[in-house]
1. So which of Lys82/Lys171; Lys171/Lys245; Lys200/Lys227; Lys171/Lys200; Lys171/Lys244 end up more than 26 Å apart by C-alpha?
2. Residue separation times 0.36 nm, minus the C-alpha to C-alpha distance between Ile277 and Glu192: what's the value?
3. Amide H of Leu223: which non-local residues (sequence gap of 5 or more, or other chain) have their own amide H closer than 5 Å, using H built in the peptide plane?
4. With θ set to phi - 60° and the Karplus curve 6.51 cos²θ - 1.76 cosθ + 1.60, what are the ³J(HN,Hα) couplings of region 68-82 in order, to the nearest whole Hz, using x for Gly and Pro?
5. By per-residue mean of other Cβ atoms within 10 Å, what is the highest-first order of 143-154, 66-77?
6. Convert each backbone phi in region 200-216 into a coupling constant with the Karplus relation 6.51 cos²θ - 1.76 cosθ + 1.60 (shift: θ = phi - 60°), then list the ³J(HN,Hα) values in order as whole Hz, x for Gly and Pro.
7. Excluding ligands and nucleic acids, what accessible area in Å² is computed for Thr196 using a 1.4 Å probe, to the nearest 10?
8. Can you list the residues, at least 5 places off or on another chain, whose amide H is less than 5 Å from the amide H of Leu148, using H built in the peptide plane?
Amino acid sequence: MQDLMHIALRSFTALVILFAITRILGKKQISQLTFFEYITGITLGELAGFISTDLEAHYLYGLTAIAVWFLVPFVVELFTLKSLRLREWLEGRGTVFIQEGKVLEDNLKRERFTVNELLEQLRTKSVFNVADVEFAMLEASGDLSVLLKSENQPLTPKHLGMRVARDRETKAVVIDGNIMDEALAAAGLSREWLHTELEKLGVTLENVFIGQVNACGQLYVDLYDDKLQVPQQTDMPLLLATLKKCEADLTLFSLSTASPEAKAMYEQDAQQLRRMIDQVEPILKR
């Protein structure tokens, strides 16, 4: 029983130490592993297991080994921030697999990549035809970066000359039926506004699994009860339709009046309203 308690205490201490080391080394240590970081991670895990279960070994020896395996990568990482040559030597460089639409077979062999593995990596990027690729590189992290040919890249509003509203972070104002006051305040809204919007939708706060507010101040909710249909927001489309109707009415007034002054006034107002609609239409259509 005493040995079990001893192992539990050593394991808990090792866990706390590993957690602290991971936090200090940063998120990169668990997201994109280089060769050096891969070896460091494996060794730290082995050392933690060793000092947790080997009761005959001196505990301080294990802690010393962990400290060395933590300090060396930490110091090396600080140096790599300032030295490009050291960074390339430790982390490696990317290898070009496809250039100007042509597969570089020699580079594939150097990285011991087969054609099947290349095709598999391309499929993970939603690319199923090698002929669609202009450039592809195997990064030092092992991830494949792909650039499609210009004619195969997806269209964007910029290509079509369309104006769109700026995207902003969507705020989660309700999670698990609980109001997130910090997110609500960041969106410039209040609890009273939230309750009013929920009343418009005909749902209760307790039934909301997640509620989000977009940049336009529209509330989207997902309910625990999936059978309950939430009505769609119609405020924005209705406002856009009203503005266009006002523009049409002004144009009609300018055509139907016999007064030159009134005709010029209606035409000027219609043009101003048209310019305003062009500015707000990307927002109201979201």
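The values are calculated or read from the model by the stated rules, or taken from the named source; none is laboratory data. Everything quoted here is computed from the prediction, not taken from an experiment. In this analysis, Cβ positions are derived from the backbone assuming ideal geometry, glycine residues included, and neighbour counts consider all displayed protein chains. For accessibility, only protein heavy atoms count, side chains too; no ligands or nucleic acids. Shrake-Rupley method; radii C 1.70, N 1.55, O 1.52, S 1.80 Å.
1. Working: Lys82/Lys171 38 Å; Lys171/Lys245 33 Å; Lys200/Lys227 18 Å; Lys171/Lys200 19 Å; Lys171/Lys244 31 Å.
Over 26 Å apart, Cα to Cα: Lys82/Lys171; Lys171/Lys245; Lys171/Lys244.
2. Numbers: separation 85, 0.36 × 85 = 30.60 nm, distance 3.03 nm.
Extra length from Ile277 to Glu192 when fully extended: 27.6 nm.
3. Phe209
4. 5, 5, 8, 5, 4, x, 5, 5, 4, 5, 5, 5, 5, 5, 10
5. 66-77, 143-154
6. Whole-Hz 3J(HN,Hα) from phi for region 200-216: 4, 7, x, 10, 9, 4, 5, 8, 8, 6, 8, x, 10, 10, 8, 5, 8.
7. 70
8. Glu134
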